[in-house]
Structures are given as C-alpha cells and as structure tokens.
Amino acid sequence: MTGLTGTADVLIAGAGIVGAACAWELAKAHLRVAVVDQSFPASGATGAAMGHIVVMDDSEAQFALTRYSQTLWDELRDDLPANVEFDRCGTIWVATDEAELAEVRRKSAYYCERAVPTEILDSAALQNAEPSLLAPLAGGLLVPGDSVVYPAAAAAYFLERAAALGAKLHLGKRITKLGQGTTRLEDGTTLEAGKLINASGQLAAKLTPGIQVKPRKGHLVITDRYPGTVHHQLVELGYLKSAHSVATDSVAFNVQPRKTSQLLIGSSRQYGVEHDKVEPVILSRMLQRAFEYIPKLRALSAIRVWTGFRPATPDKLPLIGPCLEDPTLYLATGHEGLGITTSLATAKLMAAQILNSAPKIPMEPYLPSRQMVADVHA
Amino acid sequence: MPENVTVYVNDLPVTVPTGATVAVAVMLSSNVCRTSVSGEPRAPLCAMGACFECRVEINEVRHLRSCQVACEPQMKIKVGR
Amino acid sequence: MQQTFEIVVIGGGPAGIAAAVAASQSSKRVAVLDDNPRVGGQIWRGGPGLAQPKAAARWFYQLETANVRVFNGARVIHADASARTLQAETTREIFPIGYQNLILATGARELFLPFPGWTLPNVMGAGGFQALVKSGLPIAGKRVVVAGTGPLLLAVAAYLCDHGANVARICEQASSSSLAAFALRMLAFPGKLREALSLRYKSRFAKYATQSWPVSAHGKISLESITISESGRLREIPCDYLACAFHLIPNTELPRMLGCHLNQEAFVETDELQQTLHQGIYCAGEPTGIGGVELSTIEGRIAGHAAANDKRAAAKLFPARARYRKLAAAMKQAFRLRPELATLAKPDTFLCRCEDVTLHQVRQHNSWKSAKLHTRCGMGPCQGRICGAAANFLFGWNIESARPPVFPARCESLAAISSLTSSLTTETEPPQFHGGFQ
C-alpha cells in the first residue's frame, strides 16, 4: 500500500464503537491496524450509551448517514453474537397532541419518499402497541426497522474481528500526543503509523486541539426485569416544538426495552458539566418526564443510574475525514448521541477516504474541513 | 396478637409464626424464590437484604426481598419467576 | 414534608442502638433508620420480640425507653452531605430526613466465596441461615453443615443445635495453630472465652474440623450433600443445609456515597471520636473494622456521645474500645483467609448470581469496571455486593465509587431525591430528541 508506512498502516486512537468499527473495516482491507485506548474497550460514551439503531431526519446528511449505517447493521445482524443483544424492536415516536400528529404525518411522508417503512398509529393503535403508555395519547409513528443493541458488546465484537485479521490492541495506554504519523504514549513509547485516526469521542479535542467537539452529559436509569412492559423503543415527538437549543439543559422521554426485559429510561443532555456525578435535579426531571408518558414506571425498581458524555459538534453532524493541517491525521468523532447507529457507516466512509475508493454516500457533509470554513465566516 | 399468620405462596396457603419473614414462608412451601437468568432455581443466600437472591412478588409488587418483609395475613406471594 | 433530627443514626444493630441511646441522653432529637422489619441488626435479628442474649435485651429496653424515633423497614437510597439530608424508602412511601449530625452504623454482611454448587437452594450464609431460623424456619432433625471461618461459626452451630438441628460438621478454614494462638489471646477476655466454651459445649455433638472448607455442593433441585476438604482429604457429607460464610465485610456503600474516606483495608476512617473526615458524620461498628458486638456497642456509644457534643462521656469509653480492638486484631490474624479459597470456583462456576456470569467470563478482564461492562457481572440488583466482594478476594480488584441509589429503589423514589438538594434548579426547556444515550 503506497503512502502507508511505519509499524502500522493505520493507528486508531480510541476503542469505542467508532474506533472499533474503523479497525475492523480497515483490517478487512488488509491494512495493518493498531488500536490504542487509555482504558478498556467501550469505556467511554459507548459503554454508557443506550444502543438505539435509529434512522433520523434532522437533516438530509443525518438521514443519509443513519439510514446507510442501519442497513449495514441489518446486514451484520445474523453474524452478531448473542451478547450484542440485537433486537429489531422498532421505534415509536409518540405524539401527544394534534400538532405532534401533524409532525407524525410529515415524518412518515419524509421516510416514505426515501423508502423507509413506517406505520402511522392512531390513538387506539398506539394503545394496542404499547398498553403501558398513558391513555389516550394522540398517536404515533412506528418505524419498524429500528433496532437496539448492547453497545459495549458490539464494540468488543468489532475489535475481536479486527484482531482476528491481525489488528493490534494497546489497551490501558494513554496517548499524550497524536499527529504527524506519530503517537506518543504516557509511558514514553512511540508508535509510528502512516495514518492516524482520532476516534476518541468527547476527548478528541484534547488530542487534536482546535476541533469543535464538546462533551454533552447524559443520565440513564436501568430497571430490574419486567417482561412485557414496553415493546418498542419509545421516544417523544415533543422535541420538535422547540428549536434545537444547545445552550440549556434538557430532558426528554425515551424508554428502551432491553432483551434482558429491563427498561432503560432516558434522557438528559447538558453542556458545560465536566463531572460525571449523578445530578439529582436532572435525574428527577428526566424521570418525571418519563412518568408523564408511562405512569407505571413510578413503581418499578431502578437498580442503577449512570452518566456519560456524548461528543457533540455545533452542527450535529460527526467529523469524518482528514484533518487539513496534518496529512497523516483523520478524525472520526463528534457523533453525539448517534455514535452506535452511525459507527458502521463511519468506518465505511473512513476506509473509502484512506483507500481512495468511492463511498456509498456523499461524504462532504461530514468532512472536518467544514468546521474550518465555518470559522472563516464566523 | 395471634400466634400464626397464613399467607399464600403461588396460591397455596402456608402458615408461619407471627413475625416470620416471607423468605421463611417460601422455604416452607416451594423452597424456590426465583428462577435465575439462566434458568436455575434460587433461594435465600444472605437472608440479610444484601444478595437479592430471595426476590419474590408480594401483593403484585415484583422484585421484593422476601427476607426483609414480615408476613402479613392473606399476603399473596408469587415465586419461581 | 421533611422531618429533621439533630442526630440521625443509620442502622439499628448493636452500634446503631448504642449510638442512639447514648445520643438521646443529651435530650437531643434522635432518629434511627433501619432497613429491616425490626431493630437488632443481624446479630440480634428479630428484635425484642424474640429470645435474645441478655445484653441485647438491655439495649432494646434502653432504646424503647429513650426518646428515639425508630423508622423500621426504611432503607436509605440517597444521601447528600452538603444538604445534610437523606432519602429513605419503605415499601409504602418515600421520605426525606434532615440531620445535623449523622452516625453511620451500617454494619457488615457475610463474605461469600464461589465454589461449584454454591447457587443451589439451601446453601446459605452462616449468619443468614441463623437469621432465617430466628425468623421462624423450623430445623428440628435437619442435617446441617456449618462452614467458613470466624467465631460466628460456633455461635451459629450452637444456636442450631439448641433448636434441634443435627449439625454434622463445623468446618473452619483456619488451622488449629492459628486457633490456638487466638485462644491464648482470649485469656485476656475471660468473658469471651467462657462464651466460646459454652457455645462449644452446646454444639459438642458436632465435629469441629480445622483446616477444612467446602469444595463443592451437590443436589438436583436443592442441596443434598457437600464435599469438604478436611486437612487435605476430600469427604462427602449428606446434608439438608449448608450454612457457610467467610467472615464479614463492612457495608460501606452509604459512607462512600457520602464521601467518607476509606483506609487501605477498605474500612471507614475515623478519629478517636468516631468522626469521619467529614465533620458531623460519624461511623461506628463493623464499617470501621470487624470487631464484633462488644466493640460495636462501645464505638456506637462513643459516636452517640460525640455527636451530642458530650466529649467527656465519649472519652471515658476509649480504654474499653482499645481493649476490644486488640481482640479484633487477634481475630483478624487468626481467621485470615487462606489462598486456596480463591481456587474453589471452576471456570463454569457462576461468580455473579444476579446475572449468572461465570468465573471464566469475568477472568478475561483485568478490572472490575471492564468485567462489569462486558460481562454484566455486578450489574444486577445486588449492585455487586456479593460478586464484587468475591472478585475483590479472587482478583484483588478495587470496588468502585458508590452512586445513588445505594439500594435498588422505586423510580418514584429516585425522582424524589432532587427535593433534598439545595443546588440550583435548572431552567425548564422543552425537550428534544437526544440520540444515543437518549
């Protein structure tokens, strides 16, 4: 492979799901891959995440990436080990009033035009699909192709596949410097590689100063096992009533049934909080919001609460591609809350760029160079 | 206070001394509190509220530690889930 | 509506009762919160309603006649040191409790180590089995093997014999030379020595084996027999129950959540007044070091007096505490766990009983956090209380920081913990879709 030298062809910083997916994809292309992580696989946002494989339509670019990635997950489905807990449970976007029902119809039309199957549920159909929801609600949009996975196990599986193809894992190694084909570790070791990929999630800006990736904190609650309580990933549509704010803390109703029959209850998002402590005020608001939709959640036993940090960008799209100032350095970060969904597509786009092959979807919207252009106009 | 209390474990009556915990009632009847994730029968281990092996359903509330709840007359206990 | 007390004691065992009684002598408003249906802790489980040792009866009487508010069946699920409030949950309600001074008397639990068959019904803790018998389980004529380590084995065996059980064996993992050394140290405590001899007399028909431990338990649906190692030889003993524990480990979840400092041996660090590094938070009894009922009550009294600002009364108890701490040190030495116990579990033995995770699965990882995330070990409702302690002995892994809820709690209780905090409430904004962790 021309232009790729050193001890590895590609060195990936970060063993989260994005780094793991990139490692596997590049190893499949017969590149010598090394993965370095300060801790163990999935120890960051991946390990804290819910694991929703969801098609989203905030923007055409977001739709393209989530849709593409979802088809990749579906292709992989039969090969995934049981502990990845792949469950095609579908998503129901829950509408509480007429305005949200109008949004259901818009969303349905948008998905329909792009060949994503959906089903509009009226009040009775919603009740029938999810008897635990407060009744009556206005209705909802069922997206049957959405799925749920256990992200940590998925990342571990990708790394295992990569390792089977010769990828080397360097775990428990903190990187102090990443750039110009070199990676320096805290213990003084230097690793050389033709290409470097910064896939270190919310920590990416620490290794590559100047990129706009900020941690966005989230809380999650998991309950004990309650089979049959919720059947689909349930998300409120109410968020559409407001402009997307990046300034204040917010919560939204989002409940996910796990294959274990446990329920994951979210969600919250906060900027500017660096500590990982559970914050009772946010936790309470998040749970109260969930109780408004599913009153019976109140009595269920919660066994654990945790927090995590999503890597967020200002325009809600990830950074996938070369970092202009350093020809050896690529970025694969900024996936915010969609890193699990879009990990596989990210790996495909990354491989296309490194191998100079044609990508399946246009990759311009995700190129890091857009942040530099935005800076000029700012 | 009467000497004994009768509760129902999976619909079968069990009589225990007043003050006995639900764990005792279960051990006197089915001897199994719950079915584990992989399908094993499980019964109390620590009997002090720490291990959660003795979880049962009491009066339609699931996942209660039977060792920490005293039997009350007519309690309906479901085990083996 | 929040009730506030000048002194709140968490835990109604010997240390907690003694602390509350001592604190109440100052005419301060005192409350005790306890997770169990009745006070008494594990050692005096069942409370005043049951036949109890004389010391227990005296303490129960003092507690009843003292001006102390007792909340039974109330587990603390969250504590906020800066707001000086706790959130307690019962099966019926959720309520906040405010305090000026807090005394943590959260006691200890038994240490369980995995071996093949340890998940079979009727394999139980030693103290745990005794607790069930106290709570009404009839055992007349039942064959029981008592195993593990520590002075508790003898107490349990004696109790079981008293209640008509046929105790087939008492298997103590410590060597006879360790025990002999311990007996010599006990000469300085004639009362304790007499008690031990009396317990042994009551259990005299049970064979007491040293250097002996369970190797595997057998049975189809529940326990039928166990194989023990006895001075290097294997022996199978038919039995109905195995009462087995490897001494005690402290309950430090709540102290850790409050930010109390733990020492190298993972006990809560306190000063001579039993105060933790947090001003106004005291800790007494087993969480500061496993020492038994006498040391617990002495530490409880010191903490109670100190929390009520009666340092003189507290200081009078320092010599007694020092004396019993010597006994505790001797006990620790004598009943140190042998390394063979870390080799009992087979690769397919479950380490985590909540999530049925095998030793083999857990062993692939090199930290508790990694094992937890990738195998689900410790992710069940016991929150790692059982498997985390075992993993600590097996692999030397450290326990992690404690987060709310301290115990599994109803979602509505979790939602209520924010009412405790004085922190700023965030501005309400309409929700939005969050993706990912959503």
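Values for this structure:
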| read-out | value |
| --- | --- |
| Residue match in the range C:101-110 (condition: over 23 Å from C:LEU199 (Cα atoms) and more than 20 Å from the chain's Cα centre (by Cα)) | yes |
| Residue selected from the range A:281-290 under the condition in contact with a Leu (Cβ under 7 Å, 6 or more places away or on another chain) and at the interface with chain C (Cβ under 7 Å from one of its Cβ atoms), by the criterion surrounded by the most Cβ atoms within 10 Å (Cβ to Cβ) | A:LEU287 |
| Elements of type helices (runs of 4 or more DSSP H) contained in the range C:124-209, each with 3 or more residues being more than 20 Å from B:PRO17 (Cβ to Cβ) | C:152-162, C:176-186, C:190-202 |
| Neighbours by Cβ (under 7 Å, 6+ apart or cross-chain): first from the range A:332-351, facing chain C (nearest Cβ under 8 Å); second of a type in the set (Gly, Ala, Ser) and part of a helix (DSSP H, G or I) | A:GLY339/A:ALA45; A:THR341/A:SER69 |
| Failed item, numbered, when C:SER212 is tested on (1) closer than 30 Å to C:ILE281 by Cα; (2) at pLDDT 95 or above; (3) of a type outside the set (A, V, I, L, M, F, W, C); (4) touching an Asp or Glu at 6+ places or on another chain (Cβ under 8 Å) | (1) |
| Members of the range C:8-35 that are touching a Lys or Arg at 6+ places or on another chain (Cβ under 6 Å), of a type outside the set (A, V, I, L, M, F, W, C) and more than 14 Å from chain B (Cβ to nearest Cβ) | none |
| The listed residue being among the small types (Gly, Ala, Ser) and touching a strand residue (DSSP E or B) at 6+ places or on another chain (Cβ under 7 Å), out of A:ALA156, A:ALA152, A:ALA204, A:ALA164 | A:ALA204 |
| Residue within the range A:320-330 that is under 15 Å from the mean Cα position of the chain (by Cα) and more than 10 Å from chain C (Cβ to nearest Cβ) present | yes |
| Scope the range B:21-60; condition in a loop (DSSP other than H, G, I, E, B), surrounded by 24 or more Cβ atoms within 10 Å (Cβ to Cβ) and at the interface with chain C (Cβ under 7 Å from one of its Cβ atoms); matching residues | B:ALA43, B:PRO44, B:LEU45, B:CYS46, B:ALA47, B:MET48, B:ALA50, B:CYS51, B:PHE52, B:GLU53 |
| Failed condition for A:ILE53, given (1) surrounded by 24 or more Cβ atoms within 10 Å (Cβ to Cβ); (2) in the same structural domain as A:ARG184 (by TED's automatic domain parsing) | (2) |
| Candidate set from the range C:284-333 (those that are under 18 Å from C:ARG109 (Cβ atoms) and of a type in the set (A, V, I, L, M, F, W, C)); member that is nearest to the chain's Cα centre (by Cα) | C:ILE290 |
| Residue within the range A:214-223 that is more than 8 Å from chain C (Cβ to nearest Cβ), in contact with a Ser or Thr (Cβ under 9 Å, 6 or more places away or on another chain), within 30 Å of A:LEU355 (Cα to Cα) and not small (Gly, Ala, Ser) present | yes |
| Residue match in the range A:289-300 (condition: in contact with a helix residue (DSSP H, G or I) (Cβ under 9 Å, 6 or more places away or on another chain), modelled with pLDDT of 95 or more and among the hydroxyl-bearing types (Ser, Thr, Tyr)) | no |
| Residues located in the range A:127-140, provided they are closer than 11 Å to A:THR96 by Cα and without any contact (Cβ under 8 Å) to a residue 40 or more places away in the chain | A:ALA135, A:PRO136 |
| Flag if A:SER69 is surrounded by 17 or more Cβ atoms within 10 Å (Cβ to Cβ), assigned by TED's automatic domain parsing to the domain that holds A:ILE197 and of a type in the set (Ser, Thr, Tyr) | no |
| Residue, farthest from the other protein chains (Cβ to nearest Cβ), within the range B:11-20, restricted to residues that are β-branched (Val, Ile, Thr) and surrounded by fewer than 19 Cβ atoms within 10 Å (Cβ to Cβ) | B:THR15 |
| Qualifying positions in the range A:261-279 - of a type outside the set (A, V, I, L, M), facing chain C (nearest Cβ under 8 Å) and within 25 Å of A:PHE86 (Cα to Cα) | A:GLY266, A:SER267, A:SER268 |
| Qualifying positions in the range A:231-260 - more than 7 Å from chain C (Cβ to nearest Cβ) and at pLDDT below 90 | A:LEU240, A:ALA243, A:VAL246, A:ALA247 |
| Qualifying position, being hydroxyl-bearing (Ser, Thr, Tyr) and within 14 Å of another protein chain (Cβ to nearest Cβ), among C:THR343, C:THR358 | C:THR358 |
| Tally, over the range C:39-93, of residues that are over 20 Å from the mean Cα position of the chain (by Cα), among the basic types (Lys, Arg) and not in a strand (DSSP E or B) | 4 |
| First in the range C:109-125 and modelled with pLDDT of 95 or more, second anywhere and among the charged types (D, E, K, R) and outside any loop (DSSP other than H, G, I, E, B), Cβ under 6 Å, 6 or more apart | C:GLY125/C:GLU110 |
| Subset tally (residues that are in contact (Cβ under 8 Å) with a residue 60 or more places away in the chain and under 24 Å from C:PRO405 (Cα atoms)) for the range C:255-309 | 18 |
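The values are calculated or read from the model by the stated rules, or taken from the named source; none is laboratory data. Worth saying up front: this structure is predicted, and the values here are computed from it rather than measured. All Cβ positions, glycine included, derive from the backbone under ideal geometry; neighbour counts span all protein chains shown.
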